[in-house]
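One structure is given below, encoded as structure tokens.
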Amino acid sequence: MSLGWCDVRRFLEGLKLLVFGRPIATERAYRAALRTRVALPVFGASLLSTVAYAPDAVIDALRGGGVQSSLPWMAGAVVAIMVLLGFAYRSNVRKQPDERGDYGIVRDRLGPGAGVVTGASLLVDYIFTVAVSVAAIAHFVGFVVPAIDGWHVPLALTAIAVMTLANLRGIRERSRVLLGVWFGFLLVVVLVVIAGVLRDDVTPLTTSPAQATWSSALAFAGAIASGAVMLTGIDHLSSSAPYHAEPRGQRAGRTVIVAVLVGAVAFLGVTLMMWRYRVSGWQEGPALLQVTERISGSFWVVLAVTIPTVGILYAAASAVFRRFAGLTSLLARDSYLPRQLGQQSERLVFRGGVLWVACASAVIVVATGARLEQLVHMYLIGAFAAIVLSQLAMIRLQTARIALQPTGRTRLRMMGARVLHGAAAGVAAAVWIVIAVFNFLAGAWFALVLVTGLVFLMRGIDAHYADVRRQLAILPDDPAAARPSATHGIVLVAQLHRPALRAIAYANAARHSTIEAVAVQVDKAATRDLQRRWSELRLSIPLVVLDSPYRDLVAPVLEHVKSIHRGSPRDMVVVYVPEYIVGRWWERFLHNRASMRLRQKLLSIPRVVVAAVPWHLESALSYEAPDTLTREIPHVESTEAQ
């Protein structure tokens, strides 16, 4: 029993249903109204997850200058930056509580040009967030399972594949699961810190100031900038307001500040334990697990810390998939990315954005070998570029509001908010400069190139769409609405068979001004046989034979169509292309598909309509009634708009 194309199609549809799930109706889509305790794990996973690798980045920078003993001071500086930007972003959310986040604030206040830079920066930030998160998952798993320690890249790619399938299907981790993951990770961090504090049989590193040298100064600057990776999830929080319960702005602002403060305390606790237990950065493995191992000395405790850590890293990366897809849809609707990225699939998923971030992050993981320290150096360029621009936008917003409030306490509060955003912009700009300068050769150059390339790409796409809108806009007394003075029907005839007769019948029914059949002569004997049968059947239209000395089936037809236009430029030409449709997949390889190439070429000629007249063979109609053969309808394509 042969396998028909219909059977293959049904199998593929069943497989698609199994992988992606059943379609979801648009009216079933709704936005949850979350309270802070639930919004924290849903939107704060990206920020809290950085506790798993941010301390490693700080100690790695200090190791370069040999000043690991200064770790507590550097951690304190990072926490101060986090608190400052946390309060600044709370103000962001309260003033503009919508899902566009930094992109929307910058576009509205600083203009489309700055909005494009912000959008490109955030896209790069999200791509690296996924790459860093899955690389961290691979490192944590490799630490507890030494047998697969060298398989970081396959492990990271597997994690990306799982996230991609889950997000294509539209699987959203239930809030209770995320609540357990978020608080579970926070709990194990708190327990590790408490256990580390209670032990009194350790001697911490000295905190005496290191001798001031250029290398130590560079190490301090690099440590603070690397620790600022703790803030890379803050944009996700700033775009969460529409998913909060009323009053959305106030609740979202509370979520931002609580998430930042919790992350800051967790980061400070882990770094102090690293300092206390002499984790200097020279040992292999994640610093959090090294600290746990030195405090407990138990593999099972290390494993108990690893499991929720991997969970929070997975939740963070999976949330970024959705945020990336949402941002690409916003950029697509603003004409900065292909319009297809703004369309939801039958599962209410922006499938194009999910595939983009999956492929881009996978390429980066492979290119860097999933080396976490190198990925972190590439990581911060996009995030802090967006932070700087958003704070500049908020300064402009506050300035405009102050101008409308001449006196009173409200004006003083607005002026205070402007000072806050100014300080946040200055600090974020300083961090960005340090990253761009001191981490340039370590990988920051690649992120800069990506952001720049995306900006040019997005501006080019926007210019293309603007040009298309200009060309398609309806003008007064538009000639596109004018009827053609005449229409000419051309039926392409490769051989005389039932599909050709069907095409001739449709052409006759259209009542064109002129109608003719056109054949291309490649073999003289075959052409003579066609002419003889044409005469015998006494068909109602003339047969025109075009010579093709080089056996090209396309060029003679194109030239014939163009010759009609040269004689009558305002006339419309309708070309009927008879085709027969096969049912079994392997039959497609046994038939010439030259008509498809001819149709594409014809569509490039203005004022030409191409009508594909299908004829279904029995294998294509095995599940339908035989009289379907008499009910074929042509598929019409037109170049009138060209």
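The values are calculated or read from the model by the stated rules, or taken from the named source; none is laboratory data. Please read these numbers as outputs of a predicted model, since none were measured by experiment. Ideal geometry is used to build each Cβ from the backbone, glycine not excepted, and the neighbour counts take in all protein chains shown. Note: areas computed on protein heavy atoms with side chains; ligands, DNA, RNA excluded. Shrake-Rupley method; radii C 1.70, N 1.55, O 1.52, S 1.80 Å.
Let's test the formula: R0 of 60 Å, r as the Cβ-Cβ distance of TRP445 and GLU246. What FRET efficiency results, to the nearest 0.05?
Working: r = 45 Å, r/R0 = 0.76.
Plugging the Cβ-Cβ distance into 1/(1 + (r/R0)^6) gives 0.85.
Would you mind telling me the share, in percent, of accessible area of the range 81-157 contributed by carbon and sulfur at probe 1.4 angstrom?
Numbers: 1400 of 2250 Å².
Carbon with sulfur: 62 percent of the solvent-accessible area.
Write down Rg/Rh for the range 510-610, rounded to two decimals, with Rg from the C-alpha atoms and Rh from the Kirkwood relation over Cα pairs.
Details: Rg = 15.1 Å, Rh = 15.4 Å.
So for the range 510-610, dividing Rg by the Kirkwood Rh gives 0.98.
If you stretched the chain out fully between GLN471 and ALA510, how much longer would it get, using 0.36 nm times the residue separation minus the C-alpha to C-alpha distance? Don't skip to the end; give the middle numbers.
Numbers: separation 39, 0.36 × 39 = 14.04 nm, distance 3.00 nm.
Stretched fully, the GLN471-ALA510 segment lengthens by 11.0 nm.
Please work out, to two decimal places, the log10 of the ratio I(q)/I(0) at q = 0.10 Å⁻¹ from a Debye calculation in which every Cα of the range 328-426 carries one identical scatterer.
-0.53
For a label point 7 angstrom out from the Cα of ARG483 toward its Cβ, which stretches of the range 498-514 have the backbone nitrogen within less than 19 Å?
Only 508-514 pass the distance filter.
Compute log10 of I(q)/I(0) for the range 443-560 with the Debye formula, placing one identical point scatterer on every Cα and leaving out solvent, at q = 0.16 Å⁻¹, to two decimals.
-0.84
Would you mind computing, in nm to one decimal, how far apart the modelled labels at SER548 and VAL83 are, each placed 7 Å from Cα along Cα→Cβ?
Label-label distance for SER548 and VAL83, simple model: 7.9 nm.
How much length is gained if the chain between LYS601 and TRP151 is pulled fully straight, taking 0.36 nm per residue apart and subtracting their Cα-Cα distance, in nm to one decimal?
This chain segment gains 157.0 nm when fully extended.
At a 1.4 Å probe, what is the % contribution of carbon and sulfur to the accessible area of the range 383-422? Let's see the in-between values first.
Values: 1310 of 2080 Å².
Carbon with sulfur: 63 percent of the solvent-accessible area.
Calculate what fraction, in whole %, of the accessible area of the range 245-381 sits on carbon and sulfur atoms when a 1.4 Å probe is rolled over the protein chains.
Values: 3070 of 4970 Å².
On the range 245-381, the fraction of accessible area on carbon and sulfur atoms equals 62 percent.
How many Å² of accessible area per residue for the range 325-396, probe 1.4 Å? Working shown, then result.
Working: 2400 Å² over 72 residues.
The answer is 33 Å² per residue.
Considering the alpha-carbon set of the range 379-480 alone, what are its Rg and its Dmax in angstrom?
Using the Cα atoms of the range 379-480, the pair Rg, Dmax is 21.0, 62 Å.
When the solvent-accessible surface of protein heavy atoms is calculated with a 1.4 angstrom probe, in what order do LYS562, LYS524 fall, highest first? Display every interim value, and only then the final one.
Numbers: LYS562 90, LYS524 135 Å².
Solvent-accessible surface, decreasing: LYS524, LYS562.
Kindly identify the range 261-405 as rounded, prolate or oblate by the Cα gyration tensor criterion: order the square roots of the eigenvalues as a ≥ b ≥ c, call it rounded if a/c is under 1.5, otherwise compare a/b with b/c, prolate if a/b is larger, else oblate. Don't skip to the answer; put the middle values down first.
Numbers: a/c = 2.45, a/b = 1.49, b/c = 1.64.
In terms of gyration-tensor shape, oblate.
Would you mind counting up the charge near VAL376? Only other residues with Cβ under 12 Å from its Cβ, with Lys and Arg at +1 and Asp and Glu at -1.
It works out to a net charge of -2.
For the range 443-510, with equal point scatterers placed on the C-alpha atoms only and solvent neglected, what are the log10 I(q)/I(0) values from the Debye formula at q = 0.27 1/Å, to two decimals?
-1.11
With only Lys, Arg, Asp and Glu charged, each at its Cβ (+1 for the first two, -1 for the last two), find how big the charge dipole of the range 40-193 is about the Cα centre; round to the nearest 20 debye.
Working: 11 positive and 9 negative charges, 101 e Å.
Dipole of the range 40-193, to the nearest 20 debye: 480 debye.
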